[in-house]
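Working notes for the structure below.
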Amino acid sequence: MTHSSLLHELDHPLVHYHMTVLRDCQSSGEQFRNQIDRLATFLAIEATRDLTLTPQTVQTPIGPADGHMLAPSIALIPILRAGLGLVNPVLGMIPQAQVYHLGMYRDERTAEPVEYYCKLPENRAADIAMVVDPMLATGGSIRSAIATLKRWGTNDIRVLSVLAAPEGIAAVQAEFPDTKIYVCKIDKQLDSRKFIVPGLGDAGDRMFNTSKA
């Protein structure tokens, strides 16, 4: 694993395998969604490694057992639309998390994010916010989301992305150096169109069958 205190690139045989199937342009929309689901589960496990716990005793069929419950409140923040594909697997690992949505799209002329939807409850900021988006390319949408979450009142912000470009990671780290980033793979670079190379195509289109790419 490429690891620093804030940047985590997963290094696991199953991650490498599932990423290969995900990239393959011959994979169907169903296969693509399944691979996103599996990789998001790995990301959720890694991104929650340092969560604090509180003691909890439960009753088993045999007797009492000492255990633990999660201490912090956690919000999942999918960036619409592609981020929706990561919600269910992460929510499956953290069922008490709350889900709030940010809608953004990339202006293809400027490669800059345009926000069109934001639904966060006032005066109820979560202890931890996890921004989920399959791709961290330029970092524009994710940086906009982080800025929104900081205004909301959350300081522990974690980015979960399946694939990232070095340029996007650098942009997030430059603007928000306290943000934790978890990715399955860091690719080579962005091309002239700001697409990740070699990448996996348009994640939203492949996920929702709106393109053959």
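Counting only residues that are of a type outside the set (A, V, I, L, M) and touching a residue at least 24 places away in the same chain (Cβ under 8 Å), give me the helices (runs of 4 or more DSSP H) lying completely in segment 131-213 with at least 3 of them.
140-152, 166-175
If you check 144, 192, 161, which single one turns out to be crowded, with 21+ Cβ neighbours inside 10 Å and of a type outside the set (A, V, I, L, M, F, W, C)?
161
Sort out which residues of segment 168-213 are touching a Ser or Thr at 6+ places or on another chain (Cβ under 9 Å), farther than 18 Å from residue 10 by Cα and aliphatic (A, V, I, L, M), and write them in order of number.
Passing the criteria: 171, 172, 190.
Kindly evaluate residue 63 against the criterion of being more than 21 Å from residue 183 (Cα to Cα) and touching a residue at least 60 places away in the same chain (Cβ under 8 Å).
no
Given the structure, is residue 145 small (Gly, Ala, Ser), closer than 25 Å to residue 185 by Cα and at pLDDT 90 or above?
It is true that residue 145 is small (Gly, Ala, Ser), closer than 25 Å to residue 185 by Cα and at pLDDT 90 or above.
Tally time: how many residues in segment 28-60 are free of Cβ contacts under 8 Å to residues at least 40 places away in the same chain, open to solvent by 20 Å² or more (accessible area, probe 1.4 Å) and within 17 Å of residue 203 (Cβ to Cβ)?
Residues in segment 28-60 being free of Cβ contacts under 8 Å to residues at least 40 places away in the same chain, open to solvent by 20 Å² or more (accessible area, probe 1.4 Å) and within 17 Å of residue 203 (Cβ to Cβ): 4 in total.
Please specify each residue of segment 6-27 satisfying the condition of being open to solvent by 50 Å² or more (accessible area, probe 1.4 Å) and in contact with a helix residue (DSSP H, G or I) (Cβ under 7 Å, 6 or more places away or on another chain).
Passing the criteria: only 12.
The values are calculated or read from the model by the stated rules, or taken from the named source; none is laboratory data. Predicted model only: the values in this text are computed from it and were never measured. Positions of Cβ are generated from backbone atoms using ideal geometry, with glycine treated the same way; all protein chains shown enter the neighbour counts. Ligands, DNA and RNA are stripped out before the accessible areas are found, and what is left, the full protein with its side chains, is counted by its heavy atoms. Shrake-Rupley method; radii C 1.70, N 1.55, O 1.52, S 1.80 Å.
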